[in-house]
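Presented below is the structure to which this report refers.
Bear in mind that the values in this text are calculations on the coordinates, not laboratory data. Nothing here was measured: the structure is a model prediction, and the numbers come from that model. Neighbour counts are summed over all protein chains in view; Cβ atoms, including those assigned to glycine, are modelled from backbone coordinates with ideal geometry.
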Amino acid sequence: MTVDMSQFYEVFFDEAEELLAEAERLLLAIDVANPDNEDLNAIFRAAHSIKGGAATFGFMDMTEITHVLENLLDRIRKHEMALTVEHVDAFLAAKDVLEMELDGHRHGADVDQAQVAAVKTRLASLTQAEAAADSAPAADTTPAVTPAAPVEASQVSAHVAPAAALPPPADGLTQFNILLPELKEKDIANLQEELGLLGEVAGSKHESGRTLLTLNTDSSESDIVSICSFILDPDDLVITQAMVDAGPAAAVAAENAAGHVAEAGDTETASSVKVHEEAGYGLFAEEGKEAVEEGYGFFAPFTPHADAPQSLKIDDNTAAISQEEIAKAVASPAENVTAGNKNSATTEKNEKRNPARQEAGHASAETTSIRVGVEKVDQLINLVGELVITQAMIEQRINALDPVHHEALINSVGQLTRNTRDLQEAVMSIRMMPMDFVFSRFPRMVRDLAGKLGKKVELVTIGASTELDKGLIERIVDPLTHLVRNSVDHGVEMPDKRKAANKPEAGKLTLSAAHKGGSIVIEVTDDGAGLNRDKLLAKAKSNGLNVSENMSDSDVYQLIFAPGFSTAEVVTDVSGRGVGMDVVKRNIAAMNGSIEIRSAQGYGTTIAISLPLTLAILDGMSVSLGSSVYVIPLNLIVETLQPRAEDMKTVTGEGRMVHVRGEYLPVIALHALFDQETEVADPTQGVLVLIEAEGKKAALFVDALVGQQQVVIKSLETNFKKIQGVSGATIMGDGSVALILDVPALIQMGQTHNYLTGATSFANKAVQTISKEYTQ
Amino acid sequence: MNMVVEEVEGKASQGGSVAGEFLTFVLGSEAYGLEILKVQEIRGYDAVTQIANTPAFIKGVINLRGKIVPIVDLRVKFKMGKVEYNEFTVVIILNLGGRVVGIVVDGVSDVMQLEESQIRAVPDIVASIDTQYITGLASVGEKMFILVDIEKLMNSQEMELMDSVVMH
Amino acid sequence: MAKTILAVDDSGSLRQMVAFSLQAAGYNVVQAVDGQDGLNKAREKTVDLVLTDQNMPIMDGLTLIKSLRDLGSYQKVPILMLTTESSDEMKARGKAAGANGWLVKPFDPKRLIEVVQKVIG
């Protein structure tokens, strides 16, 4: 029977990708001087898992690299090798190569063999360097091991100079090597004293710089752990049994969770296992070369415990077992138990850690999440959207009823409205993901880019748990990446320049996300050189853009979004993708968002992106213009009013303005912009909706206010195209279609329109005056 | 019919593989056919929301069971005959590879099954719709139908239904 | 009646492959994603065979094996370690923990079924 393995490939690819991302995250955050053991274990497990899967599914190129990685990581996590920055860099480079190879298998992408070779060399040299110091080949990682092969003493941690510290233990005693974590001298002394109560103890310096206590005792490991627990976390302890004198019985005793097998003991072990199996209960005695080549084997079968975990009872039939072996066999379970205790302590700590990790969204455990196709979620959201529309229609009809006569019905509809709102919120939240999904890629990118440019940049992220709709998250990645690269590339100055300006050598780049009203605000702030207003104006002029010296700062800064406006872009990897600031702005606008720039020369720049929380639902105010109804996003409305004649002014060259509490706002007549007929030509007969976007204010002149409601946004672009001034459409309670106004665009269009009409009327006046003069 | 037709002798396949089922419709005084597979439904003309700053032949959008669908009046676009909107006005809702658009026509006739033998390639026909969108000329009995590649037509620049360059 | 096997491995793709292969051979398979999950599932229902990976988060393979052996119901249930190496050290630890045997990764499905059949038929 053949099993088609390829059906599991996709799962492995996803798994490997997640593991690589997690490993990178941990590597970037790790403290090289004092690495967290749990993190090292996690990184090790990632490499180990990928290796296993890659080998099973035949991706040998990945197996090669993960094998070396695994070796290095294993030694590092056992403290046989110290973690250095070179290690971290090499591991990150290996991660890149693995990702590349993964892509190669998954999508048929090209794999740069030179890069692969380079990483292999790097990893090999790291392995050699430590191997020389260690003088121990990694014998236990080769799959085919003959029973008699010696296992080097230094394979297991804490095996340096213990022999010198303490004589070998007397019979009945065991020698433990206890490697302590970093502790105060006082604590170490106390600990040593306490342990001295258990037996003979000696302290020495381990190669890692930490203290190693060697103890000859008849107590169990768990006793040692209990004593140490007063002063430190048991997980930070590494307890191993020192190499014990060769002898079959002792060898068997040494075979437990923390120990390893001595050479002489090895052969004995092999033969004793064999013996058991040969005298066994009908299971195959497959120990020895044969089994190893076949890749599996069996120990003697188990007989039931009379009372767990006291004895490893061996059946009387196996006459070849010596008494000593039985005695030692009885002893080992006890030690197994203590090892078990240690492990359960580890378990608890892991359990505490893992929920936190899971919350961060990295859990691949199937028990806590379900994979659902995006299309299903989208369909669900669409259906809920339709439900909202239907519910709005019902509400509308209800409003026409007499509340007294239809009280019950009205109450029920009210209930329906609440239920619908709750359902809507719950469904929308399915698609919400934390910004961390976007932010997480930046530490690596900033590190690499800054390194390449010779700059020092510190990245700070705030509000990574702020949530945003998945669709928007995906679309914000590219623009945000461009902005971050820009900040590192052009914002942050070179270290010497910063020093000269009395700034810290390392530039600070802050990424933040926060909810503000119905939107999410994402900011990219650097404490770099800031924008140079004059330079921008000069560049704009030379590009032929219409600019004036009187432009406000914020307007000048917005110039960088003009197409073709890069000021000496250094060609970096991403620039090649054709992403310019103008595309950034376009992308943001396409998401119904807006982008604002604040800057101070010499101090830095902040680029603030404001996005609606979701693309699908909007709180809007509906207004009428002629026979049409339009919807204006509520969050962009400052107020609505009907102006008095004395508040209206006409300014030459700028069109009509309205005076509101000391401010003059330009009046944008929607009917003019949209070339639509209306009977209301005079603002004093209509309504002015004061709108604000991207720092600019204006007064939109429409016929009347219709109402306020939550609407489901429908895209015009699905079947049609983008219309200037319109950001989408919606279906009103009566089934008719209403267009949703694009406020920032309208403000811009209004400015241009007023400017033109103002200029025209100015020109007209000029012509009139001149002709008058002529005819005079 | 006031069409100048120059029949070109040639294999029917010269006009592209056009055999299949066609919906026939009338625009002005011309009879056209388009692939039935592209037709989603046929409706009357009703409640169209105007869109600002669009050419006259784009009437606006409608609510088609929750979807926003643009409506194009081909009679206006190709300047054919009298343009009226009444209870007899017909809108063909097309589904072009996922995009749903509606076209206003003067009327629809039958759905016809056409064999290759009934279709001729007609490069020099003079019709209101440009020849680049015409895939052939079908003759059924005494009637003649101009077969239109409706998808190519609706996706073309001149129909202004799609974003060519994003303008801001 | 079909025998039930508990497969414990944190690697989803491997676990699924094991489950699929064994199910195709007629066994029922219960999956667990780490040692703790394995122990929980083992308690819920006593299976006929346990296959467990070694390196897993929360609770590793050796600890799982020992914990299973502490349960009265699992004294006679065969447990096989799935391991990436077959060193004596590994074998010794496994045996001491209470495993009945081992199977080296990577293995192909045929080998897996062969071994399983040898143990529980």
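Could you work out the relative contact order of the stretch A:1-83, using alpha carbon pairs under 8 angstrom and six or more residues apart, expressed as a whole percent?
28 percent
Counting other beta carbons within 10 Å of each residue's own, what order do A:Val388, A:Val680 fall into, fewest first?
Fewest-to-most ranking of A:Val388, A:Val680: A:Val680, A:Val388.
In nanometres, what is the gap between the two model label sites at A:Val477 and A:Ala704, each 7 Å from Cα along Cα-to-Cβ?
5.0 nm
Which of C:Leu62, A:Leu380, B:Leu137 comes first, and how do the rest follow, when ranked by fewest Cβ neighbours within 10 Å?
Going from sparsest to densest Cβ surroundings: A:Leu380, B:Leu137, C:Leu62.
What ³J(HN,Hα) values, in whole Hz, does the Karplus curve 6.51 cos²θ - 1.76 cosθ + 1.60 give for the stretch A:715-725 when θ = phi - 60°, with x put for Gly and Pro?
For the stretch A:715-725, the Karplus-derived couplings read 7, 7, 5, 4, 10, 10, 9, 6, 10, 5, x Hz, x marking Gly and Pro.
Can you pull the semi-axes for the stretch B:12-151, root of five times each eigenvalue of the Cα gyration tensor, sorted largest first, whole Å?
Calculated on Cα positions only, the semi-axes equal 27, 16, 14 Å.
Considering only DSSP beta bridges with both partners in the stretch B:12-151, what is the antiparallel share in %, to the nearest 5?
90 percent
To the nearest whole number, what is the average tally of beta carbon atoms from other chains within 10 Å of the beta carbons of peptide B:64-74?
Mean partner-chain Cβ count within 10 Å for B:64-74: 4.
I'd like to know how the stretch A:433-612 sits against the 2.2 N^0.38 Å rule of thumb: what's its Cα Rg over that expected value?
Dividing the Cα Rg of the stretch A:433-612 by 2.2 N^0.38 Å gives 1.01.
Going by C-beta contacts inside 10 Å, put B:Lys82, C:Lys91, A:Lys452 in order with the fewest on the left.
B:Lys82, A:Lys452, C:Lys91
Please list, by residue number, every one of the GluC sites (Glu not before Pro) in the stretch A:658-719 that is coil in DSSP and has at most 11 other beta-carbon atoms within 10 Å.
When the GluC sites (Glu not before Pro) of the stretch A:658-719 are filtered for loop state and at most 11 Cβ neighbours within 10 Å, A:Glu677, A:Glu679 remain.
If Lys and Arg each add +1 and Asp and Glu each add -1, what is the summed charge of the other residues whose beta carbon sits under 15 Å from the beta carbon of A:Gly528?
Every neighbour counted, the sum reads +2.
Can you pull out the trypsin sites (Lys or Arg not before Pro) in the stretch B:45-75 whose DSSP state is coil and whose Cβ has at most 11 other Cβ atoms within 10 Å?
B:Arg65
Using modelled backbone amide H atoms (1.01 Å from N, in-plane), which distant-in-sequence or interchain residues come within less than 5 Å of A:Val660's amide H?
A:Leu665
Counting DSSP beta bridges in the stretch A:507-561, what percent are antiparallel, to the nearest 5?
That works out to approximately 100 percent antiparallel.
Can you give me the P(r) profile for the stretch C:1-75? Cα pairs, bins 10 angstrom wide beginning at 0, each as a whole percent.
In order of increasing distance, the bins hold 22, 54, 23, 1 percent.
Please report, largest first and rounded to whole Å, the three semi-axes of the ellipsoid equivalent to the stretch A:374-431, where each semi-axis is the square root of five times an eigenvalue of the C-alpha gyration tensor.
Equivalent ellipsoid semi-axes, largest first: 28, 11, 6 Å.
Which value, in nm² and rounded to one decimal, describes the direction-averaged projected area of the C-alpha convex hull of the stretch A:409-479?
6.2 nm²
Roughly what % of Cα-Cα distances in the stretch A:6-135 sit above 22 Å, to the whole percent?
Above the 22 Å cut-off, the stretch A:6-135 has 32 percent of its Cα pairs.
For the stretch A:625-764, treating each Cα as an identical point scatterer without solvent, what Debye log10 I(q)/I(0) comes out at q = 0.11, 0.13, 0.20 1/Å?
Summing over Cα pairs of the stretch A:625-764 leads to -0.40, -0.56, -1.29.
What number, rounded to the nearest 500 deg cm²/dmol, is the helix-based mean residue ellipticity at 222 nm of chain C, given -39500 (n - 2.57) per DSSP H run of at least four residues and division by all its residues?
Computed ellipticity for chain C at 222 nm equals -13500 deg cm²/dmol.
Counting other Cβ atoms within 10 Å of each Cβ, which trypsin sites (Lys or Arg not before Pro) in the stretch A:625-720 have at most 15 and sit in a DSSP loop?
A:Arg644, A:Arg661
Hey, rough spin-label estimate for A:Met432 and C:Ala2, points 7 angstrom out along Cα→Cβ, what's it come to in nanometres?
Result: 4.2 nm between the two label points.
Based only on Cα atoms, what mean projected area does the convex hull of the stretch B:77-118 have, in nm²?
4.9 nm²
With Rg and the Kirkwood Rh both taken from Cα atoms, where does Rg over Rh land for the stretch C:40-83?
Radius of gyration relative to Kirkwood radius: 0.93.
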